[in-house]
Structure formats: C-alpha cells, structure tokens
Amino acid sequence: MVTVVRGKDCEVRFGLGLPTVIIGERINPTGKKKLAEELKEGKLNIVEEDAIKQAEAGADIIDVNVGAVGVDEEEMLPRAVKKVMEVTNKPICIDSANPRAIKKALEVYPYKALINSVNGEERSMEEILPLVKESGNAVICLTMDEKGIPKDVETRVSIARKIIQRAESLGIPRDDIVVDCLAMAAATDSSAGKITLETLRRVTEEFGVSTTLGVSNISFGMPNRALLNIHFLTMAIFNGLTAPIVDPLVDGLLEAIRAADFLVGRDPYGMNYISIYRKK
Ligand code: THG
C-alpha cells in the first residue's frame, strides 16, 4: 500500500516500509492565541509565515486547520488553503470537523489532498466518504465513533476495519486510506501511549494501510513536551507509523525521525539520515 498526495509539481508518497513523511501541524489555532485572533479578523499573515517556515524545516505535507471560536471555517478554510498554495508547492492536509468547510476547501485545491478526517460515526462516513470518492483524494480515518474514543485496542481496530470496508465498498482504494490510531494525553490516562502504540501495530499488520497520529496530543499538560513527543514518535515509527502530524520546527525532531527510519530499515543505507549531515 502506497499513499500518494500532490501539490503543484510535487508528489509525496508514504506507506509501510517507506521513509516517514512529516505533516506540519503549526497552522492550527488550538492553544495559539495570536493565530486565533488573526483568523477571527480574517488575516492570514501567520498562516503564510508558518507554511513557509514548516516547508523550509522539512515538512512534506502542510496541515491546515482554522477551527476556533468566532472563526467562520467555511469562509476561512478555503482562504487559508489558497494562501498556503501561494507560498509553497507542498501537498495540503485539509483539517476540519466541519464537512461543509472541507468541501469548500476542496473546491479551491486542484491537486490531490489529504482530507482530515472521517470517523466511524454513521453520519461522518455518509458525509465524507462520497466526497473522497468523487474528488479522488486521500482521507484520514479516526478510530472513534458515536461512543467517543475507545479505551481499548480491540475496539479501535474494529472501527478501523469498519471504515476501511465502507470506503472500499464505495470504490475508494485502500492506498487512499490513512488510519489515525489516536494519540491522547498521557497526563490524564497513563495507559494512553501504550494503547495507541499497540493499535498502530495491529492496524499496520492486519490492514497494511498508511497511518498517522497527532503526536503532540500525547504530551498535553506536561513539561518539556518536545522530549515526550520525540520519544513517542520514534516508538510509533517502530510500530508502523508512516505520516505523523508534528511540528517540524522543534529542535531535533527531524533528526529523530531520520534516525528511527534508519534503525527500523525504512532508510536503506541511511541515505536520508546521512543527507541531514551533508547539508550541515
Ligand atoms: N489527528 C488528526 N488530526 C489532528 C490531530 C489528531 N489535527 C489537530 C491535532 N490533532 C494535531 N495538531 C496539533 C497542533 C498543535 C498542538 C497539538 C496538536 C499543540 N499546540 C500547542 C498547545 O495547544 O499548547 C501550542 C503550541 C505552540 O504554541 O507552538 O500542542 O490527533 N488526524
């Protein structure tokens, strides 16, 4: 299974056994007052800046999320997507809980996007999957449903199975399905990390699909979040994670990814690992 997404003259491929691909998380107002304020005022300066900075730091795909209280996502998501396209050729991950906002953003994106996301709720599958099929994009599938986020591995795996079956029954190829095993705050549940890692291993083994994680969720509420994020990330890469959503500007993060890829055989002869040091 190989997932392909595209920007202008730019193709990104990821999947089992391939080098880890970085989805840049910074364009997201969660916990960022300044960005939230700007978006409320209809401004896109920080969006533009963060798109450029992340691409320069090594992001392969740019996540665009403008969800905050007082922001009209149906207006701002397509505007933000256009702004990001003006300053980088990187493929875009369209991140919203609002299907109408996703639809409007897709209308301005002429390449192959990663839609973030669908989940196991009947309503979500009915709204998002036909859109994925029609547009020929790829889609992130969250392993949760109307009952919320399952506490156990087995239920997460069965939700992944359900979404994959539904998507395939509509004619969406499995290559275009990216499963999110869900990283939750370890501060509020000490088993959170282990459950996510185990789910990743199972989903990778049973379905062979590409996978993603909002890695930074794991460290909410803890000091030295970057340290926790980096360690969790390398463990997840060992368990099959192919395309993490992370902040590529964090010191040492890119190096940790390249090291992990090399050590688990996803970077033959260490060519990507070595190239970091050639540049320096
Ligand atoms: N799965 C999928 N998509 C996702 C998530 C996921 N999209 C959103 C989120 N989770 C991943 N992105 C982020 C972005 C920022 C942070 C965490 C996850 C974050 N922000 C800091 C905070 O809130 O404190 C602010 C950091 C700063 O100021 O620089 O932690 O799980 N499919």
**Fill in**
Excluding residues fewer than 8 positions from LYS34 in its own chain, the lysines with Cα under 16 Å of it are LYS43
**Fill in**
Too long for a 20 Å Cα-Cα cut-off, among LYS82/LYS112; LYS82/LYS133; LYS83/LYS279; LYS112/LYS279; LYS53/LYS82, are LYS82/LYS133; LYS83/LYS279; LYS112/LYS279
**Message:** Just to be sure I understand the model, the point goes 7 Å from the Cα along the line to the Cβ. What's the resulting ALA187 to GLU74 distance in nm?
**Reply:** 3.5 nm
**Asked** Which distance in nm do the two modelled labels at ARG278 and LYS32 give, with both placed 7 Å along the Cα-to-Cβ direction?
**Response** 3.2 nm
**Prompt:** So, with +1 on the Cβ of K and R and -1 on the Cβ of D and E, and no other charges, what is the size of the charge dipole of the chain about its Cα centre, to the nearest 20 debye?
**Reply:** 460 debye
**Whole-number percent relative contact order across the chain, with pairs defined as alpha carbons under 8 Å at least 6 apart** = 20 percent
**Message:** Give the aspartates and glutamates reachable from LYS104 as a straight Cα distance under 19 Å; neighbours fewer than 8 places away on the same chain don't count.
**Reply:** ASP63, ASP72, GLU73, GLU74, GLU75, GLU86, ASP95, GLU126, GLU127, GLU134
**Overall Cα dimensions of the stretch 31-91 - principal axes, largest extent first, Å** = 31, 21, 15
**Message:** Cut-off 18 Å, label point 7 angstrom out along Cα-to-Cβ of ARG161: give me the residues of the stretch 187-230 whose amide nitrogen falls inside.
**Reply:** 198-210
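What length, rounded to one decimal in nm, is gained on full extension from ASP251 through to GLU56, with 0.36 nm per residue of separation minus their alpha-carbon distance? Spell out each step's value before the answer.
Numbers: separation 195, 0.36 × 195 = 70.20 nm, distance 1.36 nm.
Here the segment from ASP251 to GLU56 would lengthen by 68.8 nm.
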**Request:** Compare MET222, MET184, MET235 in a GNM of the chain, Cα atoms joined below 10 Å, and give the one with the largest fluctuation.
**Result:** MET222
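Compute for the stretch 45-166: radius of gyration divided by Kirkwood radius, i.e. Rg/Rh, restricted to C-alpha atoms, rounded to two decimals. Kindly include the intermediate steps, with their values, before the conclusion.
Details: Rg = 15.2 Å, Rh = 15.2 Å.
Expressed as Rg/Rh, it is 1.00.
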**Prompt:** Which three semi-axes in whole Å describe the equivalent ellipsoid of the chain, each the square root of 5 times a Cα gyration tensor eigenvalue, listed largest first?
**Reply:** 25, 23, 20
**Asked** So what's the projected area for the stretch 128-209, the Cα convex hull averaged over all directions, in nm²?
**Response** 5.3 nm²
**Message:** I want to make sure I understand the PRE zone here: with the label point 7 angstrom from the Cα of ASN98 toward its beta carbon, which residues in the stretch 57-81 have backbone N atoms less than 11 Å away?
**Reply:** 66-78
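For ASN89 and ASP152 in the same chain, what is the full-extension length gain: residue separation times 0.36 nm, less their Cα-Cα distance, in nm? Present the calculation step by step, with values, prior to reporting the outcome.
Working: separation 63, 0.36 × 63 = 22.68 nm, distance 3.90 nm.
Fully extending the segment from ASN89 to ASP152 adds 18.8 nm.
Which whole number in µm²/s is D for the stretch 154-277 by Stokes-Einstein, with the Kirkwood Rh taken over Cα pairs at 10 °C and 1.306 mPa s?
104 µm²/s
Taken together, the values in this text are just the output of simple stated rules run on the coordinates, not laboratory data. Remember, predicted model here, so these are calculated numbers, not experimental data. Quick reminder, even Gly has a Cβ in these numbers, built from the backbone with ideal geometry, and neighbours come from all protein chains shown.
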